[in-house]
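Have a look at the structure below before the remarks.
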Amino acid sequence: MSTSPNAVVQGTSLLEPDVVARLMRAGFQARQPMSGNMSGSHRSPHKGSSVEFAEYRKYVQGDDIRMLDWRVYARTDRFYMKEFEADTNLRAFFVLDASASMNYAGAAVSASGAAPFGGAGEHAPGGPRSKVALARRLVATMAYLLVKQGDAAGLSCASDKMVVEIPARRNPSHLSTLFQQLEGLRAAGTTELPAVLHTLAEKMPRRSLVVITSDLFCDAEAFADALRHLRHRNNDVIVFHTLDRTEIDFPFTGPIRFLDLESPFTLLAEPEIIRDQYLTACREHLAAIRHACDTTRTEYRQVLTDEPYENALASTFLDRIRGKR
């Protein structure tokens, strides 16, 4: 028995109906021709028979004479075929960073002033939403909207190994499987995002949509190399850079023991002493990540855990409609 999209919305806590309704009005458009397996709303690299004229070409024996332009023949005494842009659906592959650093959920400092920490749930005790919780909602919402408009959605969740890999399909019942995986996901392990992206670039079909959701705690040049690999295969790539505001503002005071969520390393420090050095390093890393996206023509969006994820999705959808990206 098939599952309706509306039933999928009601069957998961990852979707907010009001957010879905607002975003659905815009719809998603690919920036470049996509290779799907059905008719859809995105440009195809192949010529078809839609209503949007593309170009003329000379008649070749065996062509469908219904596509001949008789007005051009009357003027030139030559046969020319009318070609149109074919429309297709797209395959979207969502890549969610499931490394332990995605558990971070703001600076909840214990009564002893011991340490900031990360929680794995929607909200860490005493703190805001974690990065992985934000990523779950963002991916679930966009996947639902794409399937709703006839596109296919798949999911890969990875840290130092691939922990989830779901192929791209377009039926609503497939969404239920995808959402179950997202709801049960627990971030753990180290960040190996560039290696994962290289592997996926070789496995997925060309001319796909690749949506990367990560805090990007990886080498910027290695990440740029992976983006070049994806773009070389004519994929349309979007990066949602998920961060906690404390990671970019560093508002800590007093002696604090900082914990590395991906290793046993800890550091006892006075934030006032290391603040300038940390903020400089943070700005340099963010600039390097942005440069990697700009030079590979990859769409980049920074998403903070204390801001509505709807804003990032709405900006992405609307800018593509307007042709800005």
Task: Selection status of ILE289, assigned to a helix (DSSP H, G or I), β-branched (Val, Ile, Thr) and under 30 Å from ASN235 (Cα atoms) - done: yes
Task: Residue that is over 15 Å from the mean Cα position of the chain (by Cα) and crowded, with 20+ Cβ neighbours inside 10 Å, where the choices are ASP244, ASP306, ASP236 - done: ASP244
Open item on the list: Can you pull out every residue in the stretch 250-281 that is in a strand (DSSP E or B) and either without any contact (Cβ under 8 Å) to a residue 40 or more places away in the chain or among the charged types (D, E, K, R) (or both)?
Closed with: ARG257, LEU267, LEU268, ALA269
Open item on the list: Which count do you get for residues in the stretch 159-191 that are touching an Asp or Glu at 6+ places or on another chain (Cβ under 7 Å) and surrounded by 18 or more Cβ atoms within 10 Å (Cβ to Cβ)?
Closed with: 3
- [ ] Name the single residue, out of those in the stretch 75-107 being of a type in the set (Gly, Ala, Ser) and modelled with pLDDT of 85 or more, that is farthest from GLU183 (Cα to Cα).
- [x] ALA92
TODO: Hey, can you tell me all the residues within the stretch 252-291 that are within 26 Å of ALA133 (Cβ to Cβ), surrounded by 15 or more Cβ atoms within 10 Å (Cβ to Cβ) and either more than 30 Å from the chain's Cα centre (by Cα) or of a type in the set (A, V, I, L, M, F, W, C) (or both)?
DONE: PHE252, ILE256, ARG257, PHE258, LEU259, LEU261, PRO271, CYS282, LEU286, ILE289
TODO: Tell me which residues, restricted to the stretch 292-303, are assigned to a helix (DSSP H, G or I) and surrounded by 15 or more Cβ atoms within 10 Å (Cβ to Cβ).
DONE: ALA292, CYS293
Task: Selection from the stretch 203-231 of residues that are over 23 Å from ALA281 (Cα atoms) and in a helix (DSSP H, G or I) - done: LYS203, ARG228, HIS229, LEU230, ARG231
TODO: Report yes if ALA269 is in the same structural domain as ASP219 (by TED's automatic domain parsing), at pLDDT 95 or above and among the hydrophobic types (A, V, I, L, M, F, W, C), otherwise no.
DONE: no
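The values are calculated or read from the model by the stated rules, or taken from the named source; none is laboratory data. Note that the structure is a prediction, hence the values are computed from the model and not measured. Don't worry about glycine lacking a Cβ; one is built from the backbone with ideal geometry, like all the others, and counts go over all protein chains shown.
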